[in-house]
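Please treat every number below as a calculation from the coordinates, not as lab data. Quick caveat, the model's predicted, so the values are computed rather than measured. A quick note on method: Cβ atoms are made from the backbone with ideal geometry, for glycine too, and the neighbour counts reach across all protein chains shown.
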Amino acid sequence: MGYALKETKYRYRAYTENGTWQKGFLTEDKNISIHEGSNVFHYGQALFEGLKAYKTKDGDVQLFRPDLNYIRINEGLKRIVAPELPEELFFEAIEEVVRANKDDIPEYGDGKSLYIRPFVIGQGMNLGVKPSEEYLFSVFCAPVGTYFKGGLAALDFVTTDYDRAAANGTGKVKVAGNYAASLYPRQQAIDAGYAGVIYLDPLTHSKIDEVGAANFFAVTHDNVLVTPKSSSILPSITKRSILYIAEHMLGMKVEERDAHIDNLDEFKEAGACGTAAIITPIGSITHKGKKTIFGDGETVGEVTKKLYDTLVKIYYGDMEAPEGWIRKVL
Ligand code: PLP
Ligand code: COI
């Protein structure tokens, strides 16, 4: 089951009719039966999102910035020429799935949460390379713990010569094909003993793009939080949130700019961030045989720890969130 701790009972399904999304329904059926000629199987018309529901100390259940997942899924749907989702349908699906599976939402206090996976696929007989005429939107969920083993222990990463996405390709949306492209370099990194892979910008291979299925951030020796600016990275909601936290809550300077792979010594700390990764400290990056170590290479740095603590307190309702970041479900 990989990252999921268990399967849950209910999922939501909705379909298009004549290109328009219809109201959906909850079902216990985990299997989807679709035509062998469906676009999703051959031409990759598939897109997903990932967000989490957190249980607070008082037993409330809340989502973290789901409005940004809603905007991002529609950006992706436009990119694969699939019908955009109405806001009401997106939220109804997520909230119904969370409520229906409420007994499987991890309790407050042990760092677990309910991972929610909305996705859209193009289905129906379609042999030519063109958009589907029919679509499925579904949402399922699973309780999860940490994505990378080790929690706040710093992990070792390695760069790859492969790209997960082209410079003007699909890197900035969550299409399934980006993840298919990432499996081989990920496997190579893991076989070589690393926690994961660092992608460089596809045009020049001289700047950091992403860390597997997470964004990259780093802290300079004079405490500036840096995240890469690139047309091929997924605009991470966690990344946008830690930029805000650093600037407005921790009083740091922040910069979205290039992080040159040959100039990693400018950073005292580095990390990966994402819904699944949360904040995972990077202990070292190996590039063409040269290993750059951040801090002591093993324990979390001071700024990374502050970012982590603030973010996690907001997730679980232990700290007041900036306006509009939290949506209560239960
Ligand atoms: N980058 C990639 C390629 C991802 O798949 C994800 C996960 O969603 C992220 C970054 C992190 O994005 P977010 O913080 O919105 O989860
Ligand atoms: C996420 O952080 O939501 C991701 O997309 C990572 C993943 C489990 C693919």
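Tell me, how many Å apart are the Cα centres for segment 147-217 and for segment 252-330?
A separation of 16 Å, based on Cα centres.
Using the structure shown, list the pairs from 149/306; 112/207; 229/253 with a Cα-Cα distance above 26 Å, or answer none.
Working: 149/306 20 Å; 112/207 33 Å; 229/253 16 Å.
Checking Cα-Cα distances, 112/207 exceed 26 Å.
Need the list of lysines near residue 23 for cross-linking: C-alpha distance under 24 angstrom, and skip anything on the same chain fewer than eight residues off.
9, 52, 78, 102, 174, 328
Got a sec to turn the phi values of segment 210-222 into Karplus ³J(HN,Hα) couplings, 6.51 cos²θ - 1.76 cosθ + 1.60 with θ = phi - 60°, whole Hz, x for Gly and Pro?
After applying 6.51 cos²θ - 1.76 cosθ + 1.60, I find 9, 10, x, 9, 8, 8, 9, 9, 8, 10, 6, 4, 9 Hz.
What's the magnitude of the charge dipole for segment 1-121 around its Cα centre, counting Lys and Arg as +1 and Asp and Glu as -1 at the beta-carbon? Answer in Debye, nearest 20. Don't skip to the answer; put the middle values down first.
Values: 17 positive and 20 negative charges, 61 e Å.
For segment 1-121, the charge dipole is close to 300 debye.
Show me the ranking of peptides 111-120, 67-76, 11-20 by mean Cβ neighbours inside 10 Å, starting with the highest.
Values: 111-120: 21.3, 67-76: 18.6, 11-20: 15.3.
In descending order of packing, they fall as 111-120, 67-76, 11-20.
Quick one: pull the percentage of alpha-carbon pairs in segment 1-143 with a separation above 20 Å.
Beyond 20 Å sits 48 percent of the P(r) for segment 1-143.
Using θ = phi - 60° and the Karplus form 6.51 cos²θ - 1.76 cosθ + 1.60, what ³J(HN,Hα) does each residue of segment 161-170 get, whole Hz, x for Gly and Pro?
Running phi through 6.51 cos²θ - 1.76 cosθ + 1.60 with θ = phi - 60° gives 7, 7, 10, 7, 7, 7, 4, 10, x, 10 Hz.
Local charge sum around residue 163 (other residues, Cβ-Cβ under 9 Å, Lys/Arg +1, Asp/Glu -1)?
Numbers: positive: 164; negative: 161, 201, 209.
My count for the surroundings of residue 163 gives -2.
In a shell of Cβ-Cβ distance under 14 Å around residue 262, excluding residue 262 itself, what net charge do Lys and Arg (+1) and Asp and Glu (-1) give?
On the way: positive: 207, 288, 290, 291; negative: 201, 258, 265, 266.
Once positives and negatives cancel, what remains is 0.
Which peptide among 231-241, 285-295, 305-315 comes first, and what is the full order, when sorted by highest mean count of other Cβ atoms within 10 Å? Walk me through the intermediate numbers first.
On the way: 231-241: 20.5, 285-295: 15.9, 305-315: 18.8.
Highest mean packing first, the order is 231-241, 305-315, 285-295.
Residue by residue through segment 266-274, which ³J(HN,Hα) values in whole Hz follow from phi under the Karplus form 6.51 cos²θ - 1.76 cosθ + 1.60 (θ = phi - 60°), with glycine and proline marked x?
6, 10, 9, 9, 8, x, 10, 9, x
Once the piece of chain linking residue 168 and residue 71 is laid out straight, how much longer is it, given 0.36 nm per residue of separation minus the C-alpha distance between them? Don't skip to the answer; put the middle values down first.
Values: separation 97, 0.36 × 97 = 34.92 nm, distance 1.98 nm.
Fully extending the segment from residue 168 to residue 71 adds 32.9 nm.
Based on the alpha carbon coordinates of the chain, what radius of gyration and maximum Cα-Cα distance (Dmax) apply, in Å?
So, for the chain, Rg and Dmax equal 19.8, 58 Å respectively.
Loop only per DSSP, at most 11 neighbouring Cβ atoms within 10 Å: give me the trypsin sites (Lys or Arg not before Pro) in segment 23-58, ordered by residue number. Each step should come with its number before you reach the end.
Working: sites: 23, 30, 52, 55, 57; in loops: 23, 30, 57.
Here the trypsin sites (Lys or Arg not before Pro) that fit, given the DSSP loop and packing criteria, are 23, 30, 57.
With runs of 4+ DSSP H residues as the only contributors, calculate the mean residue ellipticity of the chain at 222 nm using -39,500 (n - 2.57) per run, divided by the residue total and rounded to the nearest 500.
Working: 6 runs with 70 residues, N = 330.
So the calculated ellipticity at 222 nm is -6500 deg cm²/dmol.
What residues have an amide H closer than 5 Å to that of residue 135, excluding those fewer than 5 places away on the same chain, when H is modeled at 1.01 Å from N in the peptide plane?
It is 16, 123, by chain and number.
On alpha-carbon atoms, Rg over Rh for segment 155-315 using Kirkwood Rh?
On the way: Rg = 14.5 Å, Rh = 15.5 Å.
Computed over Cα atoms, the ratio is 0.93.
Which of the GluC sites (Glu not before Pro) found in segment 93-184 are in a DSSP loop and have at most 13 neighbouring Cβ atoms, other than their own, within 10 Å?
Details: sites: 95, 96, 107, 133, 134; in loops: 107, 133.
Of the GluC sites (Glu not before Pro), the ones in loops of segment 93-184 whose Cβ has at most 13 other Cβ atoms within 10 Å are 107.
For residue 278, what residues show an amide H to amide H distance below 5 Å, using hydrogens built from the backbone and excluding near sequence neighbours?
none
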